[in-house]
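Q: Okay, here's the structure, questions in a sec.
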Amino acid sequence: MSTTKKVALITGANKGIGFETAKTLLEKGYIVILGVRDEKKGQHAVHQLQNVNARYVVIDVTDEKSISLAEQYIHDNFGKLDVLVNNAGIWIDFGVPMLEVSIKDIETTLKVNTVGVIAVIKEFIPLLKKSESGNIINVSSGLASLNQNSDPTYEYYDYKSLAYSTSKSALNMVTILFSYELKAANIKVNAADPGYCATDLNGKTGPRTPQQGSKIIVKLATLPSNGPTGGFFDENDKIEW
Ligand SMILES: NC(=O)c1ccc[n+]([C@@H]2O[C@H](COP(=O)([O-])OP(=O)(O)OC[C@H]3O[C@@H](n4cnc5c(N)ncnc54)[C@H](OP(=O)(O)O)[C@@H]3O)[C@@H](O)[C@H]2O)c1
């Protein structure tokens, strides 16, 4: 089956910034498939959205089988994917002094925030190639920026998260590499910094709302065919790697 509507998959979309991104893309007429870790979360999120174009699929980005089943579902029901938002993420060393972060927590973080994104992109490339103009958005963070983290005047200079920032800096490189690889297929790959938003990720400590955080993701998800690729953006502009 195929559709003339644009189809978007957002991982980790049952709450927070991913959920707000889903809401706005639905308002823009997209079919939005919310990636969730279990059926109940999916049913609840779709019910809240009250939109016939909202669907959900179970996808745990650390589980290759679930990624493959999610791809199968989108292949069978929509035949293509126009937008992939790699939003699922964890920050288990939030507030943990750097030298107290365990190796296990670093590995777990890399598995979700970096390796999981690579696994999802690889699985969905054939469906993204069926789009006239695909957009992949990797949800990164200002805390991933090497430039900002080396600048003592950076607002969050003292937020040194060994696991989280390392995983997101690596995700930035993943963004650059896939943007190169997928250029010929007209698939743009960009990294987004939503800013510090109040979500479960950080015990709701951020000064911004998840809705504000979703703005740059929506902007990159709806880029035209000739839009930029291989960049790192916040809602104002391009930011430094
Ligand atoms: N909030 C901020 O200030 C901020 C700033 C910069 C970047 N970000 C990034 O924004 C993205 C969204 O975060 P958020 O702030 O909206 O946090 P959130 O509310 O905690 O949402 C995180 C989402 O990721 C999902 N998730 C976690 N592990 C997963 C896995 N293994 N497979 C699939 N899904 C998984 C969660 O599912 P469950 O509900 O099942 O746990 C949840 O849906 C993250 O990548 C985060 O790093 C956030």
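None of the figures in this text is laboratory data; all of them are computed from the coordinates on show. Owing to the predicted nature of the structure, the values given are computational and were not obtained by experimental measurement. For neighbour counting, all protein chains shown are included, and Cβ atoms are generated from backbone atoms with ideal geometry for every residue, glycine included.
Q: Using the structure shown, list the pairs from Lys168/Lys215; Lys15/Lys65; Lys122/Lys204; Lys41/Lys160; Lys104/Lys188 with a Cα-Cα distance above 30 Å, or answer none. Each step should come with its number before you reach the end.
A: Values: Lys168/Lys215 19 Å; Lys15/Lys65 23 Å; Lys122/Lys204 32 Å; Lys41/Lys160 32 Å; Lys104/Lys188 33 Å.
Cα-Cα > 30 Å for Lys122/Lys204; Lys41/Lys160; Lys104/Lys188; rest within.
Q: Can you give the FRET efficiency to the nearest 0.05 for Glu39 and Ser102, using r as the Cβ-Cβ distance and R₀ = 30 Å? Spell out each step's value before the answer.
A: Details: r = 32 Å, r/R0 = 1.06.
Rounded to the nearest 0.05, the efficiency is 0.40.
Q: Assuming 0.36 nm per residue, please report the length gained on full extension of the stretch Leu177 to Asp63 beyond their Cα-Cα distance. The partial results should precede the final answer.
A: Details: separation 114, 0.36 × 114 = 41.04 nm, distance 2.27 nm.
Stretched out fully, the Leu177 to Asp63 stretch lengthens by 38.8 nm.
Q: Per residue of segment 155-167, what does 6.51 cos²θ - 1.76 cosθ + 1.60 with θ = phi - 60° give for ³J(HN,Hα)? Whole Hz please, x for Gly and Pro, Karplus curve as stated.
A: In residue order, the calculated couplings are 3, 10, 3, 8, 8, 9, 9, 4, 6, 5, 5, 4, 5 Hz.
Q: Evaluate the charge dipole of the chain about its Cα centre and quote only its size in Debye, nearest 20, assuming +1 on the Cβ of each Lys and Arg and -1 on the Cβ of each Asp and Glu.
A: It works out to roughly 740 debye.
Q: Okay, moving on. Within a 10 angstrom radius of the beta carbon, how do Trp91, Trp241 rank from fewest other beta carbons to most?
A: Details: Trp91 23, Trp241 17.
With the fewest neighbours first, Trp91, Trp241 line up as Trp241, Trp91.
Q: Dipole of segment 7-233 (Lys/Arg Cβ +1, Asp/Glu Cβ -1, origin at the Cα centre): which of Ile106, Val117, Leu26 lies farthest to the positive side?
A: Final value for the positive-end residue is Leu26.
Q: Can you list which of the trypsin sites (Lys or Arg not before Pro) found in segment 90-144 are DSSP loop residues with at most 13 other C-beta atoms within 10 Å?
A: Working: sites: Lys104, Lys111, Lys122, Lys129, Lys130; in loops: Lys129, Lys130.
Sparse-neighbourhood loop trypsin sites (Lys or Arg not before Pro): none present.
Q: Let me ask you something else. Tell me which chymotrypsin sites (Phe, Trp or Tyr not before Pro) from segment 167-201 have a DSSP coil assignment and no more than 14 other beta carbons within 10 Å of their own. Kindly include the intermediate steps, with their values, before the conclusion.
A: Numbers: sites: Phe178, Tyr180, Tyr196; in loops: Tyr196.
Qualifying residues, ordered by number: none.
Q: Skipping prolines and chain starts, which residues have an amide H placed within reach, meaning under 5 Å, of the one on Gly35, given they are 5 or more residues away or on another chain?
A: It is Ile10, Thr11, Gly12, Ala13, Val57, by chain and number.
Q: Please give me, ordered by residue number, the GluC sites (Glu not before Pro) of segment 52-133 that lie in loop per DSSP and have at most 11 other Cβ atoms within 10 Å.
A: On the way: sites: Glu64, Glu71, Glu100, Glu107, Glu123, Glu132; in loops: Glu132.
Those satisfying the criteria are Glu132.
Q: Could you state the angle between the C-alpha long axis of helix 39-49 and the longest principal axis of the C-alpha atoms of the chain, as a value from 0 to 90 degrees rounded to the nearest 10?
A: 80 degrees
Q: Taking amide H positions as placed 1.01 Å from N in the peptide plane, with prolines and chain starts having none, which residues 5 or more places from Ile136, or on another chain, fall under 5 Å of its amide H?
A: When sequence neighbours closer than 5 places are left aside, the close amide H contacts are Leu84, Lys188, Val189, Asn190.
Q: Nearest 10 degrees is fine. How inclined is helix 116-128 to the longest principal axis of the chain, computing both from alpha carbons?
A: Result, in degrees: 30.
Q: Here is a further query. Restricting the count to DSSP beta bridges whose residues both fall in the chain, what percent are antiparallel, rounded to a multiple of 5? Each step should come with its number before you reach the end.
A: Details: 1 of 26 bridges.
So the antiparallel bridges amount to about 5 percent of the total.
Q: Mind putting a number on the dipole of segment 32-89 about its Cα centre? Charges go on the C-beta only, +1 for Lys and Arg and -1 for Asp and Glu, and I need it in Debye to the nearest 20.
A: Details: 6 positive and 8 negative charges, 41 e Å.
Using only the charged Cβ atoms, the result is roughly 200 debye.
Q: Right, something else. Of the listed peptides 153-160, 78-85, what is their order by residue-averaged count of other C-beta atoms within 10 Å, with the highest listed first? Walk me through the numbers before you get to the answer.
A: Details: 153-160: 11.9, 78-85: 23.6.
With the highest mean Cβ count within 10 Å placed first, the list reads 78-85, 153-160.
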